[in-house]
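Q: Below is a structure I'd like to ask you about.
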């Protein structure tokens, strides 16, 4: 893969998968711009990913060739104690936040031509899992929004795809993997026998950003150790 000459905006690049995407894209020759809740180096701006994407004037380049929206959440609660406010918070972060990011980046993506947008869902949006009602609902909405956006933006040669990981070794999942027993149990739930790594998800995202994926749009790709389709 080669991202040389491309301008890539990564939302949520301070840790986990987003940090890996920014690093791998830069290694492949892209100029990477990042927007997160805290600064993360050069070409970086602070934004509230759940409420606004009012980028500072001059922050974004005139042309963008890729957008990745990485913010996510994990709220695991039984449905009888799940508060509507918690569901709305997850929806605002995971679905509305992704839409706002796309809207903010869209003029530059149109000018760049042949752009690629990558969102992040979860295997739980496809496979019913206990205690996942809130995040599954939010990410399911994100997947539907992404498909509609892909249909609308195809005329501008902008591709929109979604990655749906399972349990991945990130800070966000830290409480689910903070003992050897939890890690072993989490791995055994997957046909491939282990949890995912940020580098693996980042590599797939960079593929979708590259010209090697120029005929892929409107898809949700499971990067989930087989959990989404195997028993």
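The values are calculated or read from the model by the stated rules, or taken from the named source; none is laboratory data. It should be emphasised that the depicted structure is a prediction, and the values quoted were computed from it without experimental measurement. Every residue, glycine as well, gets a Cβ built from its backbone with ideal geometry; the counts of neighbours run over all protein chains shown.
Q: Taking the criterion of being in contact with a strand residue (DSSP E or B) (Cβ under 8 Å, 6 or more places away or on another chain), at pLDDT 95 or above, more than 19 Å from residue 93 (Cα to Cα) and part of a helix (DSSP H, G or I), would at least one residue in the range 141-151 satisfy it?
A: Checked the range 141-151: at least one residue is in contact with a strand residue (DSSP E or B) (Cβ under 8 Å, 6 or more places away or on another chain), at pLDDT 95 or above, more than 19 Å from residue 93 (Cα to Cα) and part of a helix (DSSP H, G or I).
Q: Could you say which residue among 79, 32, 123 is closer than 28 Å to residue 190 by Cβ and either out of contact with any helix residue (DSSP H, G or I) (no Cβ under 9 Å at 6 or more places or on another chain) or surrounded by 17 or more Cβ atoms within 10 Å (Cβ to Cβ) (or both)? Walk me through it before giving the result.
A: Numbers: 79 fails: either out of contact with any helix residue (DSSP H, G or I) (no Cβ under 9 Å at 6 or more places or on another chain) or surrounded by 17 or more Cβ atoms within 10 Å (Cβ to Cβ) (or both); 32 fails: closer than 28 Å to residue 190 by Cβ.
Step by step, each of 79, 32, 123 is checked, and only 123 is closer than 28 Å to residue 190 by Cβ and either out of contact with any helix residue (DSSP H, G or I) (no Cβ under 9 Å at 6 or more places or on another chain) or surrounded by 17 or more Cβ atoms within 10 Å (Cβ to Cβ) (or both).
Q: Please determine whether any residue of the range 174-194 is within 17 Å of the chain's Cα centre (by Cα) and surrounded by fewer than 16 Cβ atoms within 10 Å (Cβ to Cβ).
A: no
Q: For the range 213-228, give me the residue count where each residue is in a loop (DSSP other than H, G, I, E, B), touching a helix residue (DSSP H, G or I) at 6+ places or on another chain (Cβ under 6 Å) and surrounded by 18 or more Cβ atoms within 10 Å (Cβ to Cβ).
A: The first filter runs over the range 213-228 and keeps only residues in a loop (DSSP other than H, G, I, E, B), leaving 214-219, 224-228.
Now drop any that are not touching a helix residue (DSSP H, G or I) at 6+ places or on another chain (Cβ under 6 Å), which leaves 217-218, 224, 227-228.
Add one more test, that the residue is surrounded by 18 or more Cβ atoms within 10 Å (Cβ to Cβ), and what stays is 217, 224, 227-228.
Number of matching residues: 4.
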